[in-house]
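Only one structure is covered here, and it is reproduced in the block below.
The values are calculated or read from the model by the stated rules, or taken from the named source; none is laboratory data. Owing to the predicted nature of the structure, the values given are computational and were not obtained by experimental measurement. Glycine gets a Cβ as well: all are built from the backbone with ideal geometry, and neighbour counts include every protein chain shown.
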Amino acid sequence: MKKINFIKAQGLGNDFVLFFNQENLLISEKLINFLSDRKIGIGCDLVAFVNDSKNDYSDLNARFFNRDGSEAEICGNALRCIGKYYFKKYKRKNLTVETCKGLIDIEEFDKNLIITDLGKPNLEWNNIPIKYAIDTSNLGIDLDYLKKGFALNVGNPHVIFFVEEINKKKLEFDSEKLLGLNLFPEGVNVSVVKLVSRNHIKVLTFERGVGLTEACGSGAGASAFASFKMNYCGNKINVCMSGGNLDIEISKDEHILTIGEGTIVFEGNIYIQDDL
């Protein structure tokens with residue numbers, strides 16, 4: 001049995017367990033399931049393993065795991081929390097995190113807000129990825145609630161639907177249907193967007209491997225980018241989600257900048273059995 005230190009963090013109600021420099025910890029689906037369980041473990045939407053980088057072009061490397069044990073390429077809300085912890089501990093204002101999908105730059109905007117540069121989204125069907133060649137700005141999806149669909153990869157795959165009203169039950173039902181079509185070989189995060197104005201949208205996301213969430217940082221960024229590309233919004237957008245608001249800016253080179261809070265809730269330790 002091993003005693004392991006951890007950090008509990010949250011961004012807009014999307015909560016995480018962060019492990020720093022625990023390289024000897026064997027990552028498995030069973031371990032992630034245990035840590036994520038809100039009754040027998042710590043409880044969270046996602047677990048992140050963060051280690052000091054061994055190269056000269058990044059400060060940290062990070063891996064992200066959904067509570068079902070599946071690996072996520074990035075997590076926008078978790079990245080802000082990692083930045084928050086790192087900046088406070090090392091008195092820094094910026095850092096670069098290496099993920100399996102590339103480098104993410106994070107900066108301290110002020111004492112409360114963190115900026116994360118998710119980079120320029122990939123709109124090519126084979127890089128999202130989608131099963132076959134298709135117009136990614138209109139997938140032609142025709143379910144009861146979800147229609148058309150704008151697909152993009154912001155480090156992880158997303159598909160965005162514009163709706164008149166946001167309905168949790170309908171999103172959950174149609175998202176399960178959509179995932180069952182096997183259109184996205186690696187799965188996909190599904191978001192619905194209600195347009196409020198040229199600089200304000202409401203978003204709800206059904207996350208791959210998690211389900212409905214209070215907030216999804218990459219989903220907010222993807223939704224804002226799709227709204228911008230469809231000319232529904234300008235390049236500065238306030239995204240309202242159940243867990244709170246996130247400001248998104250689309251730069252001139254079409255990078256997605258997310259600006260919001262990351263909160264360290266508490267630090268603790270947990271005993272992990274050797275068979276996990």
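List of remarks:
- Enumeration of residues in the stretch 209-240 that are among the hydroxyl-bearing types (Ser, Thr, Tyr), farther than 24 Å from Thr99 by Cβ and not in a loop (DSSP other than H, G, I, E, B): Ser227
- Selection over the stretch 184-196 of residues that are more than 14 Å from Phe162 (Cβ to Cβ) and surrounded by fewer than 20 Cβ atoms within 10 Å (Cβ to Cβ) gives a count of 3.
- Test result for Val192, within 26 Å of Gly83 (Cα to Cα) and in contact (Cβ under 8 Å) with a residue 12 or more places away in the chain: no
- Subset tally (residues that are assigned to a loop (DSSP other than H, G, I, E, B) and within 18 Å of Gly262 (Cβ to Cβ)) for the stretch 241-252: 2
- Hey, Phe6 modelled with pLDDT of 95 or more, surrounded by 15 or more Cβ atoms within 10 Å (Cβ to Cβ), more than 24 Å from Asp247 (Cα to Cα) and within 19 Å of the chain's Cα centre (by Cα) or not: no
- Members of the stretch 197-207 that are surrounded by 19 or more Cβ atoms within 10 Å (Cβ to Cβ) and either of a type in the set (Ser, Thr, Tyr) or not in a strand (DSSP E or B) (or both): Thr205
- None of Lys120, Lys177, Lys131 is surrounded by fewer than 16 Cβ atoms within 10 Å (Cβ to Cβ), outside the structural domain of Asn235 (by TED's automatic domain parsing) and either touching a residue at least 12 places away in the same chain (Cβ under 8 Å) or in a strand (DSSP E or B) (or both) except Lys120.
- Subset of the stretch 181-196 [outside any loop (DSSP other than H, G, I, E, B), within 19 Å of Glu71 (Cα to Cα) and not polar (S, T, N, Q)]: Val190
- Of Lys229, Lys202, all but one fail to be within 17 Å of Leu123 (Cβ to Cβ), out of contact with any Pro (no Cβ under 8 Å at 6 or more places or on another chain) and among the basic types (Lys, Arg); the exception is Lys229.
- Residue in the stretch 23-33 that is in contact with a strand residue (DSSP E or B) (Cβ under 6 Å, 6 or more places away or on another chain) and under 22 Å from Lys89 (Cα atoms) present: yes
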